[in-house]
Amino acid sequence: QVQLVESGGGLVQSGGSLRLSCAASGNIFSIATMGWDRQAPGNQRELVAAITRGGTTNFADSVKGRFTISRDNAKNTVDLQMNSLKPEDTAVYYCKGLHGGTWYWGQGTPVTVSS
């Protein structure tokens, strides 16, 4: 089992920045891919960004150039730096990790961007 705990969500004005952090724990040796999904009210959950253990990244088109993702393999942590935030970024953000062929998600942390 893998447990993922997010932190860093909150309320920010349009154009502002937030940094989300996630720590994985449990019976793990390594996590292949870590990342972030988000779900806005009335919408499906969507990929925001992901990063492999080797550092290869993938971003949703809507956040390219504004968000960056980084991880610490030794600590099994992943961070999402969100800059130039827009009201449409408002959502619950979920950390996720791929371990043993199974995806695990955290409980989510809300991000609200006011206009």
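Normalising by the residue count of the chain, find the relative contact order in percent from Cα pairs under 8 Å and 6+ residues apart. The partial results should precede the final answer.
Working: 287 pairs, mean separation 42.2, N = 115.
Here the relative contact order equals 37 percent.
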Exercise. Sequence neighbours fewer than 8 away in the same chain don't count; with that in mind, list the aspartates and glutamates whose C-alpha is under 15 Å from LYS64.
Key: ASP37, GLU46, GLU88, ASP89
Exercise. Determine the sum of side-chain charges near LEU20: Lys and Arg each +1, Asp and Glu each -1, restricted to other residues whose C-beta is under 9 angstrom from that of LEU20.
Key: -1
Quiz item: How big is segment 39-85 on each of its three principal axes, counting only the C-alpha atoms and giving the largest first in Å?
Solution: 37, 20, 15
Quiz item: Dipole of the chain, Cα-centred, from +1 at each Lys and Arg C-beta and -1 at each Asp and Glu C-beta, to the nearest 20 debye?
Solution: 160
Quiz item: Which whole-number value in Å² is the accessible area per residue of segment 1-81, probe 1.4 Å?
Solution: 53
Quiz item: Å³ per residue of the Cα convex hull, for the chain?
Solution: 92
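Please report the carbon-and-sulfur percent of the accessible area for segment 25-115; probe 1.4 Å, protein heavy atoms only, DNA, RNA and ligands left out.
Details: 2240 of 4680 Å².
Ligands and nucleic acids excluded, carbon and sulfur give 48 percent.
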Quiz item: Which of the lysines could a cross-linker span from LYS96 if the Cα-Cα distance has to be under 16 Å and same-chain partners fewer than 8 positions apart are dropped?
Solution: LYS75
Quiz item: Among ALA74, ALA32, ALA40, whose mean-square fluctuation peaks in a Gaussian network model of the chain (Cα, cutoff 10 Å)?
Solution: ALA74
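The values are calculated or read from the model by the stated rules, or taken from the named source; none is laboratory data. Quick caveat: nothing in here was measured; it's all calculated off a predicted structure. Positions of Cβ are backbone-derived with ideal geometry, glycine not excepted, and every protein chain shown enters the neighbour counts. Quick note on the areas: whole protein, heavy atoms, side chains included, nothing else; ligands and nucleic acids left out. Shrake-Rupley method; radii C 1.70, N 1.55, O 1.52, S 1.80 Å.
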